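Worksheet: one structure, shown below.
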Amino acid sequence: MININEVIETNRMIEKENLDVRTITVGISLLDCAADTVDEVCAKIRDKIFRTAGRLSDTAADISREFGIPIVNRRVSVTPISLVGASACKTPEDYVKIAVALDEVAEKIGVNFLGGYSAIVSKGMTESDRLLINSIPEAMARTGRVCSSVNVGSTKTGINMDAVRLMGETVKKTAEATREKDSLGCAKLVVLCNAPDDNPFMAGAFHGVTETDAIINVGVSGPGVVKYALESVRGASFEVLCETIKKTAFKITRVGQLVAQEASRRLGIPFGIIDLSLAPTPAIGDSVADILHEIGVEKAGAPGTTAALAMLNDQVKKGGVMASSYVGGLSGAFIPVSEDQGMIEAAGCGALTIEKLEAMTCVCSVGLDMIAIPGDTPDSTISGIIADEAAIGMVNQKTTAVRIIPVIGKTVGDTVEFGGLLGHAPVMPVNRFGCEDFIRREGRIPAPIHSFKN
Amino acid sequence: MHLNRIKSIAEMNRSIITVVGKDTVGIIAKVCTYLAEKNINILDITQTIVQGYFNMMMIVDTGKVTENFNSLACDLEELGKGIGVQIKCQREEIFEKMHRI
């Protein structure tokens, strides 16, 4: 039987160390919403999402209450819209109509973000993919909850450099389209390589075509819990350190597994995966950078950071996989800058640079995330940053992503306030040397030699 | 995972009530009176002092309660506010899952 110390420990994690379930995300296939006209597609989408996830918010609230664990976000991911709208959409404006419909239904069912305004163009782009990508700036400006992602490469296909070039321009246009709000649109737009089909976290969530009709994916969190656990083993050996992280990750993941199974049962939707990521928030004590500090680097970005992060990421996975039968998504440690108080401070004092962040993305779960850069950064430089990240993902067979915000009208030394979970960030300097001739080349970078495993 | 293979949590009915706060006269009495009114059987009570605070844990059987879990948890929370302590009622599974393999 459970003893009082275990109960106290669990409740301390929840109340003092910010343990929570970061998101319950319902993945919904919209493939059956394809139709001949845009209005018809929109109507079918509204109906299907409402029918499938209409009870999501209430169910999450009930579960949260009964188990005493906060469930911070309820979200929906859908089939990449470039597939759903392919037959009906003839112009970018047609796609924007779908984005608006998605935004409306997201608000109606009480989810704070809906992901899947996406195109998968790892090898080539269809006309429909191109129209969707061209519609992204306007779609991000006209909606508040819709998140967009574009997968531009994979280990199996190589990198679609035409898409990389287009995305550099699109990120910049999105920044322009939302300049009144500190280019907030770019916080909802991510460029991926090796994107997983079952990621519950935004902005890169979409419901892959390999998935069933509807699925529950849960993202757990808990940087604060890991940090607190590590405080008790200061100065101990790596063995003790790793053991402590693993045990903590196990406990966190078990809570996610419980919530996922409960949500699945109550909503009548099959359970998909647990994403066992350490996802920070701007709240004090909920920071991955603070864990790195606790491990022993003075500030995130100092020498040793990449090794510490590699170890942290690996131990989180090792502890988590035993706690759930189905682990998926991105699983690891997120290193968003604006969403992590410790990262914000490290960037502010010059300890953390984009180049160091790039190195860290080789060993963390995703990529360059929520980084504010000067608004006058050339499109080709943004494409270059995207290409570098995609190359890291392609060669290392991991998911990488770029979510950077060229803040129009701001430059190094300024601060940007995105608000809420998206946090705030100092504008970070970008290498001033260009790569225009590289980005102007057409075609794609071939798949690496180690992709030929057939 | 197939739906019907997931163990139905609704069939289990043990909950954990925790009371945290400054020790005062009658905390247990008030909580127990409320539980008796609602036909809730107490299976186990433990208490301890952590950093000067009174911590009590009750394992209770909520199987015979007719009203929903949320209103029970709300009532207990209100009751706690009345006597200056924090009372939480949570389903047992969250602790079981976290601490038992």
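Where a number appears in this text, it was derived from the coordinates with a stated rule and is not lab data. From a predicted model like this one, the values you see are computed outputs, not experimental measurements. No Cβ is skipped: glycine too gets one built from the backbone with ideal geometry, and neighbour counts run over all protein chains shown.
Could you work out how far helix B:27-37 tilts from the main Cα principal axis of chain B, as a 0 to 90 degree angle to the nearest 10? On a 0 to 90 degree scale, this one is about 50. Put simply, the C-alpha atoms of the stretch A:392-431 give a gyration tensor, and the ellipsoid matching it has half-axes of 26, 14, 7 Å, longest first. Each Cα pair under 8 Å and six or more residues apart adds its separation to the average, and for chain A the resulting relative contact order is 17 percent. For chain A, divide the Cα radius of gyration by the Kirkwood radius and give the resulting Rg/Rh value with two decimals. Reported Rg/Rh, Kirkwood definition of Rh: 0.95. Between the C-alpha center of the stretch B:57-101 and that of the stretch A:388-454 there is a gap of 47 Å. The residues neighbouring A:Arg75, those whose beta-carbon lies less than 10 Å from its own, together hold a net charge of +3 under the Lys/Arg +1, Asp/Glu -1 convention. Within chain A, the longest run free of chymotrypsin sites (Phe, Trp or Tyr not before Pro) that sit in a DSSP loop with at most 11 other Cβ atoms within 10 Å is A:1-432. The alpha-carbon positions of the stretch A:319-388 define a convex hull whose volume is 116 Å³ per residue.
Modelled spin-label separation between A:Glu176 and B:Tyr53, with each label point placed 7 Å from Cα along the Cα-to-Cβ direction: 5.5 nm. How much length would be gained if the chain were fully extended between A:Arg234 and A:Thr411, taking 0.36 nm per residue of separation minus their Cα-Cα distance, in nm to one decimal? Full-extension gain reported as 59.8 nm. If R0 is taken as 41 Å, the Cβ-Cβ distance between A:Phe452 and A:Glu243 corresponds to a FRET efficiency of 0.60.
Could you list the GluC sites (Glu not before Pro) in the stretch A:384-454 that lie in coil according to DSSP, counting only those with at most 16 other Cβ atoms within 10 Å of their Cβ?
Those that pass, being in a loop and sparsely packed, are A:Glu442.
Beta-bridge orientation, the stretch A:23-193: approximately 10 percent antiparallel, per DSSP, counting only bridges with both partners inside.
With the convex hull of its Cα atoms as the shape, the stretch A:218-442 has an orientation-averaged projected area of 13.7 nm². Assign one of three labels to the stretch A:23-193, namely rounded, prolate or oblate, based on the Cα gyration tensor with a ≥ b ≥ c the square roots of its eigenvalues; rounded applies when a/c is under 1.5, prolate when it is not and a/b is larger than b/c, and oblate otherwise. Prolate. Using R0 = 51 Å, the C-beta based FRET efficiency linking A:Asn3 and A:Val395 works out to 0.55. Placing a pseudo-label 7 Å from each Cα along the Cα-to-Cβ vector at A:Phe50 and B:Asn68 gives an inter-label distance of 2.2 nm.
With 21 Å as the limit on Cα-Cα distance, the pairs of A:Lys317/A:Lys398; A:Lys227/A:Lys299; B:Lys38/B:Lys88; A:Lys123/A:Lys173; A:Lys16/A:Lys318 that go past it are A:Lys123/A:Lys173; A:Lys16/A:Lys318. Residue-normalised convex hull volume from the C-alpha trace of the stretch A:347-443: 110 Å³ per residue. Using Cα-Cα distances under 8 Å and only pairs 6 or more residues apart, what relative contact order does the stretch A:27-125 have, in percent? Reported as a whole number, the value is 39 percent.
Across the stretch A:274-315, Cα pairs under 8 Å and at least six residues apart give a relative contact order of 22 percent. Taking a span of 27 Å or more along the helix axis (Cα atoms) and a mean Kyte-Doolittle hydropathy of at least -0.5 as the rule, the DSSP H helices of chain A that qualify are A:238-267.
Once both labels are positioned 7 Å from their Cα atoms along Cα-to-Cβ, the gap between A:Glu15 and A:Ala307 label points is 4.0 nm. Over chain B, the reciprocal of the mean inverse Cα-Cα separation, the Kirkwood hydrodynamic radius, stands at 14.5 Å. Residues whose amide H comes within less than 5 Å of that of A:Arg75, counting only those at least five positions distant or on another chain, are A:Ile24, A:Thr25, A:Val26 (H built at 1.01 Å from N in the peptide plane).
Can you compute the helix-only [θ] at 222 nm over chain A? Use -39500 (n - 2.57) per DSSP H run of at least 4 residues, normalise by all residues, nearest 500 deg cm²/dmol. Rounded to the nearest 500, it is -14000 deg cm²/dmol. For chain B, the longest principal axis of the C-alpha atoms and the axis of helix B:69-83 are separated by about 10°.
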